[in-house]
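Below is one structure, written out as structure tokens; comments come after it.
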Amino acid sequence: MTPVIVLKDGKPWLATGSPGGSRIITTVLQNLVNIIDFNMNIAQAISTPRTHHQWMPDYLRVERGISPDTIALLKQMGHDVRIMPTMGRAQTVQHTQGRFFGASDPRNPDGAAIGIESKHD
């Protein structure tokens, strides 16, 4: 769901998406931010713990792996923080360095991805 194709220099560079109901957009956005803004490779980006808030219910949902210090700071700011089960199952493909790289979310035990060398850049 919510498939996203990112262009770089006018060419397809990244494709990603995830199932997950109300958390789909959150999952896809956090993966894009991790890759584009934090320069993570696609495997790092999709395995990073996620957070989600959606007004109703009014609490901040976080996955295990978020720093206890960060959780404490969020609670000090007044957030109702709840550690919940995992969110989303992102699948991502990236074309870079003349190759296609694939990454399957470790939250999806049935997922798989491979990379191949590209004949065309």
Problem set entry | Residue in region 97-113 that is farthest from residue 41 (Cα to Cα), counting only those that are of a type in the set (S, T, N, Q) and not in a strand (DSSP E or B) | 108
Problem set entry | Residue list for region 59-96, restricted to those being under 26 Å from residue 3 (Cα atoms), polar (S, T, N, Q) and not in a loop (DSSP other than H, G, I, E, B) | 91, 92, 94, 96
Exercise. Can you spot a residue in region 51-64 that is surrounded by fewer than 19 Cβ atoms within 10 Å (Cβ to Cβ), touching a residue at least 40 places away in the same chain (Cβ under 8 Å) and out of contact with any strand residue (DSSP E or B) (no Cβ under 9 Å at 6 or more places or on another chain)?
Worked result: no
Problem set entry | residue 80 vs. criteria touching a Phe, Trp or Tyr at 6+ places or on another chain (Cβ under 6 Å) and more than 16 Å from residue 24 (Cβ to Cβ) | yes
Seminar exercise, completed: Residue pairs qualifying under the 8 Å Cβ cut-off, at least six apart or on distinct chains, with the first in region 103-114 being in the same structural domain as residue 27 (by TED's automatic domain parsing) and the second being of a type in the set (Lys, Arg) and not in a strand (DSSP E or B), are 105/89; 107/89; 108/89; 111/89
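The values are calculated or read from the model by the stated rules, or taken from the named source; none is laboratory data. Remember, it's a predicted structure, so these values are computed and weren't measured experimentally. Note that each Cβ is placed from the backbone with ideal geometry, even for glycine, and that neighbours are counted across all protein chains shown.
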